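Take a look at the structure set out below.
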Ligand SMILES: [Zn+2]
């Protein structure tokens, strides 16, 4: 097993990894905003924000320049550890409208702890040459950020590749030419249903560097245990927000369930503070409450994995059970197991 626990020192505090960075939507249409959670969930003093999106919202940006803080804007505790990604996801379709230097300055203005370098995600629909060009651009942007960075924050190079060799070569090149505290693997969301591919790419990264490894965008209920098993140190997720928008109730160890199909139930199958206080009829109507429950579900999934490790349980047996309910993810886990066994 490649699972590992480490501590990550950041300007706003120490984080025990592996850890989830919930995506914080702030200042968008109010229904898309992430509700406050750092007071409620003690092991989730983390957040991921989109630097480009915040930079583009003039009124919010001016408030920040005038002395308000990003943690204050989020209603989060002052020692929340913030991972500011560049917002590169928007560059999948849009032209790059910024520079590595400008994003780095904005990330520092946000007082973020972890800075993700500007990147251009790949698409399977692109021609190979276009994807190749994007990979080179992301590498150049990362090195430019490394040249300009001299702060206390941690700098994570965003890495892309649709085959293991490209991922390996990229990380080696960045390691030899830049100065990074970790690597963040991207472009996996578009291929997320191809579990075996994702597993090969993640393992390629994990095999190439001992530094912190973050995986962008795949921190949902199904991927989380797989990524933990592969030794990923952190991940981020919007799954709890998206699921709530679709009135999906996440169940740790299982998956999502549309609440509209559940009627006439006295007690919910979860003992998080939300489910203790909120009857099903209310939860169905209260998107914020459902979002919070879903975040608890992701947290409990991670706690459960940690518990199994700490209790000395055989993790492969646990994951055999964890994935047995779904043929597709069970196959994915079997593939991961084979690849990991070859690796260790
Ligand atoms: Zn709950």
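The values are calculated or read from the model by the stated rules, or taken from the named source; none is laboratory data. Remember, predicted model here, so these are calculated numbers, not experimental data. Don't worry about glycine lacking a Cβ; one is built from the backbone with ideal geometry, like all the others, and counts go over all protein chains shown.
In segment 255-307, how many are near the ligand (Cβ under 8 Å from one of its atoms), under 23 Å from the mean Cα position of the chain (by Cα) and not in a helix (DSSP H, G or I)?
1
Going through segment 324-344 one residue at a time, which ones are within 19 Å of residue 251 (Cβ to Cβ) and without any contact (Cβ under 8 Å) to a residue 12 or more places away in the chain?
Across segment 324-344, the qualifying residues are 324, 327, 330.
Please note which strands (runs of 3 or more DSSP E) are completely contained in segment 9-85 and include at least 2 residues that are without any contact (Cβ under 8 Å) to a residue 60 or more places away in the chain and more than 16 Å from residue 107 (Cα to Cα).
Ranges flagged: 13-17.
Count, please, the residues in segment 325-342 that happen to be modelled with pLDDT of 90 or more and not in a helix (DSSP H, G or I).
0
Which residue pairs have Cβ atoms under 6 Å apart, sit 6 or more places apart or on different chains, and have a first residue in segment 265-293 that is closer than 14 Å to residue 241 by Cα and a second that is within 8 Å of the ligand (Cβ to nearest atom) and part of a loop (DSSP other than H, G, I, E, B)?
Short answer, once both residue conditions are applied: 293/272.
Quick check on this structure: which one of 111, 181 is at pLDDT 95 or above and at positive phi?
Testing whether each residue is at pLDDT 95 or above and at positive phi leaves just 111.
For (1) in contact (Cβ under 8 Å) with a residue 12 or more places away in the chain; (2) under 19 Å from residue 236 (Cβ atoms); (3) surrounded by fewer than 18 Cβ atoms within 10 Å (Cβ to Cβ); (4) in contact with a strand residue (DSSP E or B) (Cβ under 7 Å, 6 or more places away or on another chain), each residue gets a yes or a no:
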site	(1), (2), (3), (4)
150	no, no, yes, no
155	yes, yes, no, yes
158	yes, yes, no, yes
162	yes, no, no, no
167	yes, yes, no, yes
172	yes, no, yes, no
178	yes, no, no, yes
183	yes, yes, no, yes
188	yes, yes, no, yes
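Could you check residue 322 against (1) under 29 Å from residue 114 (Cβ atoms); (2) within 16 Å of the ligand (Cβ to nearest atom); (3) part of a helix (DSSP H, G or I); (4) over 18 Å from the mean Cα position of the chain (by Cα) and say which number it fails?
Unmet condition: (2).
Being buried (at least 19 other Cβ atoms within 10 Å of the Cβ) and in a loop (DSSP other than H, G, I, E, B) is the filter; apply it to segment 238-254 and report the residue that is modelled with the lowest pLDDT.
Here the answer is 252.
Taking the stated definitions as given, is residue 235 buried (at least 23 other Cβ atoms within 10 Å of the Cβ), within 14 Å of the ligand (Cβ to nearest atom) and closer than 25 Å to residue 50 by Cβ?
no
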